[in-house]
Amino acid sequence: MCGIVGYIGNKNTKEILLDGLKELEYRGYDSAGIAVLQGDTFESFKAVGKLINLEEKTKDFITDRFAVGIGHTRWATHGKPTELNAHPHLGESSYVVHNGIIENYAELKKELMHNGVTFLSQTDTEVIVHLFEKNLKTSSSAFGAFSQTIKEIEGAYAILLVTKSEPDSIFFAKHGSPMILGKNSENENYFASSDTPLIGQCTDVNYFEDGDFGYVNPQEIAIFDKNENKKEPNFSKLSTNKLSAQKDGFRFFMEKEIYEQSVVIADTLMGRVSESEVLFDELDANLFDGINEIKLCACGTSYHSALSASYLFERYAKIKTSVEVASEFRYRQPIMTKDTLFVVISQSGETADTLETLKMAKEAGLKTLVICNVDNSSMVRLADATVLTRAGIEKGVASTKAFATQVTVFWMLTLFVAKLRNTLTNEEIAKQIILLREVPASVKVTDSMHERIKRLSKRYLHGHGFFFIGRDIFYPLALEGALKLKEISYLHAEGYPSGEMKHGPIALADPELFTIALLPQHLLYEKAKSNVEELSARDSTICVISALEFDKADDFIQISTCQDYMLEFFEMMVVVQLLSLEISIRLGNDVDMPRNLAKSVTVE
Ligand code: F6R
């Protein structure tokens, strides 16, 4: 995820771009940059790290007359977070910013280099501006060159380009990544990745459709659709409420974040999977040298993703894996051996208990790795190696998209280690990668599924408790489902391995005990089904989540039929998240700020 902004007008362009980027900083903050064209003079600034570094760099830069400007805040995908890789990228006399991925960049780059073009960055984005410059030489207009460029690139993008050959215009294209155009009565135009930067600046906004491209200047807004037919802008009134705008029409941030999972998982995969292997540019291959065991350590939801990972590491990478609750681990005088890779998992990177275990592991001389959502957090600074999840800022206290991206990273990491250890064949890895690429589609929330869960939720507002049950990797998902429900509904919920029910908990079974049963078609279906039958025989009220109909269930939430249990895992994850959300909303709770909880737990 990256954030982009653009401005055409007479006001203080620098301030407008920086203010807009501030609103989008949650979309990425490993580097940022702006380019401003005043008359025939371009000025561009870039800085690594948070926006404050760019503010510092631009403090003497004055924009006091008509200008066009573009800006970008970045989550690194292709190429490390360095100044050279930061946007805007320069051609001969044009600059570009881009959010998304240019899938055919390697071929385009090869061809451009063959024709003598020098590339400064490792990004996919830089090809856009060089391709534009090349097309400019043979086109009759800058717009002709831009449309030719858009025809030649493939992938997902929101692009803004400014060029000296049309110094009062911004050229834009949108396909698969968000971008909005805003205007006001002062004949100013703004672009942004979401509407929050536009609130207070614009009165009206145009939401582009995929395939739209064109240009904007003080005289004209020209929009063309994917078939190159000119179309009228479709402006609507912009909300004046920042908070509700940030929620993009969703009732709660948690709901928005559940819906965002498809996009952030795609972002997490971006640049890290080829057809045949998983690539982590950020990891030294020797991180795993001499390692015979992996120890995963975390709290809460992050602990659940670690527990999920342990099944994958042992199954695919054949490496001994143990999982620890950080608050327990730190006081139990654990034995730590140097052939263990110590991995901490944390959305925030600041959780006190997890941070402490990382310090312990470092002191004991273990190699350490952090899976984290916040760059520059305490854990990222301390660990030997980092893999960032790219969930963007998570505002709902109950974690959803952070969990989804953690499990995605772990699945990738398992394949990465499996390749190093030769525990899966190349064909098996390629097959898994095909499945990984299907995850963004499998977590898309459909209207029918959300409606069904909304309707069902009214039957689950009372009772004396919930059991979420699952086997294998669906056990940690059951734990996570129960945690989500108790956090925001304040109802009592427990996660259990399905096979454990008969060893005690089944004593609670009666019609007022609600069992949410995870029944994947592709993993231990018959075994898990008989566990549910045992509960059904004791008259527990049962809600089954499965692709296969189950006649002993009181309620049934059907997921789609797919080819693999991991895709079922991700789809069921969305179902349990939505179920908790809808129950909590019906109970009238504050979903985003549940009682007694905080987003980042920096105390023991
Ligand atoms: C639950 C939740 C918490 C966190 C836990 C660890 O929805 O968000 O259980 O997972 O406090 O936080 P991080 O991942 O920031 O270390």
Ordering GLU438, GLU228, GLU363 by the accessible surface of their heavy atoms, 1.4 Å probe, largest first, yields GLU363, GLU228, GLU438
Dipole magnitude of the chain about its Cα centre, charges +1 at Lys/Arg Cβ and -1 at Asp/Glu Cβ only, in debye to the nearest 20? 620
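So between ARG538 and ARG381, what do we pick up on full extension, going 0.36 nm a residue minus the alpha carbon distance? Provide the component values of the computation, followed by the final result.
Values: separation 157, 0.36 × 157 = 56.52 nm, distance 5.23 nm.
Gain in length upon complete extension: 51.3 nm.
Quantify, in whole percent, the carbon and sulfur part of the accessible surface of the chain (1.4 Å probe; protein heavy atoms only).
Details: 11470 of 23530 Å².
Carbon with sulfur: 49 percent of the solvent-accessible area.
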Checked against the positive end of the charge dipole of the chain (+1 on Cβ of Lys and Arg, -1 on Cβ of Asp and Glu, about the Cα centre), the farthest of SER194, VAL36, PHE403 is PHE403
Highest mean first, how do 125-131, 495-501 rank when packing is the count of other Cβ atoms within 10 Å averaged over residues? 125-131, 495-501
How far apart, in nanometres, would the label points at GLU314 and ARG586 be if each is projected 7 angstrom from Cα along the Cα-to-Cβ direction? 3.7
Within straight cross-link reach of LYS295, meaning Cα distance under 18 Å, which aspartates and glutamates are found once same-chain residues fewer than 8 apart are removed? GLU314, GLU324, GLU328, ASP339, ASP353, GLU356, GLU363, ASP384
How charged is the neighbourhood of THR41? Take every other residue with its Cβ under 12 Å from the Cβ of THR41, and add Lys/Arg as +1 and Asp/Glu as -1. 0
Average silhouette area of region 505-604, convex hull of alpha-carbon atoms, in square nanometres: 8.7
Angle check, please: helix 352-363 long axis (alpha carbons) against the longest principal axis of the chain (alpha carbons), in degrees 0 to 90, nearest 10. 90
Percent of C-alpha pairs per 10 Å bin, region 3-247, short to long: 8, 35, 40, 16, 1, 0
Roughly how many Å² of ASP353 are accessible to a 1.4 Å probe, to the nearest 10? 20
Toward the positive end of the charge dipole of region 68-133, about the Cα centre and with charges on Cβ (Lys, Arg +1; Asp, Glu -1), which of GLY79, PHE119, LEU131 goes farthest? GLY79
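Rounding to the nearest 20 debye, state how big the charge dipole of region 250-443 is about its Cα centre with +1 on each Lys and Arg Cβ and -1 on each Asp and Glu Cβ. Intermediate results must be reported in sequence, preceding the final value.
Values: 21 positive and 25 negative charges, 54 e Å.
Computed charge dipole of region 250-443: roughly 260 debye.
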Note to self: Kirkwood Rh of region 1-119, Cα pairs, one decimal, Å, is 14.7
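Arrange the residues TYR157, TYR311 by how much accessible surface each exposes, largest first, with a 1.4 angstrom probe.
TYR311, TYR157
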What's the magnitude of the charge dipole for region 3-247 around its Cα centre, counting Lys and Arg as +1 and Asp and Glu as -1 at the beta-carbon? Answer in Debye, nearest 20. 320
Report the accessible area of LYS320, computed with a 1.4 Å probe over the heavy atoms of all protein chains in place, in Å² rounded to the nearest 10. 130
Over region 250-443 - Rg/Rh using Cα atoms and the Kirkwood inverse-distance radius: 0.95
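Expressed in nm to one decimal, what extension gain is obtained for the pair LEU420 and ASN286 from 0.36 nm per residue of sequence separation less their Cα-Cα distance?
Values: separation 134, 0.36 × 134 = 48.24 nm, distance 0.98 nm.
Value of the extension gain: 47.3 nm.
Which entries of LYS226/LYS431; LYS444/LYS486; LYS57/LYS362 show an alpha-carbon separation above 27 angstrom in the structure shown? Mind showing how you got there, number by number?
On the way: LYS226/LYS431 33 Å; LYS444/LYS486 24 Å; LYS57/LYS362 35 Å.
From the list (LYS226/LYS431; LYS444/LYS486; LYS57/LYS362), the Cα-Cα distance tops 27 Å for LYS226/LYS431; LYS57/LYS362.
Quick check: with the 1.4 Å probe, what order do MET270, MET113 take by accessible area, largest first? All intermediate terms of the calculation are to be shown ahead of the outcome.
Values: MET270 30, MET113 100 Å².
The ranking, largest first, comes out as MET113, MET270.
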On a C-alpha basis, how far is the centre of region 23-57 from the centre of region 115-134 in Å? Whole number, if you could? 20
Sorted from largest down, what three extents in whole angstroms do the Cα atoms of region 424-561 have along their principal axes? 49, 35, 29
What residues qualify as long-range amide H neighbours of ARG538, i.e. H under 5 Å apart, gap of 5 or more or another chain, H built at 1.01 Å from N? none
Crossing angle, helix 105-114 versus the chain [Cα axis fit, 0-90 degrees, rounded to tens]: 40
Tell me, how many Å apart are the Cα centres for region 157-229 and for region 380-421? 34
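To the nearest 500 deg cm²/dmol, what mean residue ellipticity at 222 nm is calculated for the chain from DSSP H runs of n ≥ 4 alone, each contributing -39,500 (n - 2.57), summed and divided by the residues? Don't skip to the end; give the middle numbers.
Numbers: 18 runs with 212 residues, N = 604.
Rounded to the nearest 500, it is -11000 deg cm²/dmol.
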Per 10 Å bin from zero, what fraction in whole % of the C-alpha pairs of region 232-295 is there, up to the bin with the longest pair? 15, 24, 25, 18, 13, 5, 0
Of PHE224, VAL323, VAL574, which is farthest along the charge dipole of the chain in the positive direction, counting Lys and Arg as +1 and Asp and Glu as -1 at C-beta? VAL323
The percentage of Cα-Cα pairs in region 125-256 separated by more than 18 Å is 56
With axes computed from alpha carbons, what is the tilt in degrees of helix 401-421 against the longest principal axis of the chain, rounded to the nearest 10 within 0 to 90? 80
Return the Cα extents of the chain along principal axes one, two and three, sorted largest first, each rounded to a whole Å. 78, 53, 45
For region 400-504, take every pair of Cα atoms, bin their distances at 10 Å starting from 0, and report each bin as a whole percent. 12, 30, 34, 18, 6, 0
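The values are calculated or read from the model by the stated rules, or taken from the named source; none is laboratory data. For clarity, every value in this text was computed on a predicted model and none was experimentally measured. When we count neighbours, we look across all protein chains shown, and the Cβ atoms used for this are built from the backbone with ideal geometry, even at glycine. For the accessible areas, the whole protein counts, side chains as well, though only heavy atoms, and no ligand, DNA or RNA atoms are used. Shrake-Rupley method; radii C 1.70, N 1.55, O 1.52, S 1.80 Å.
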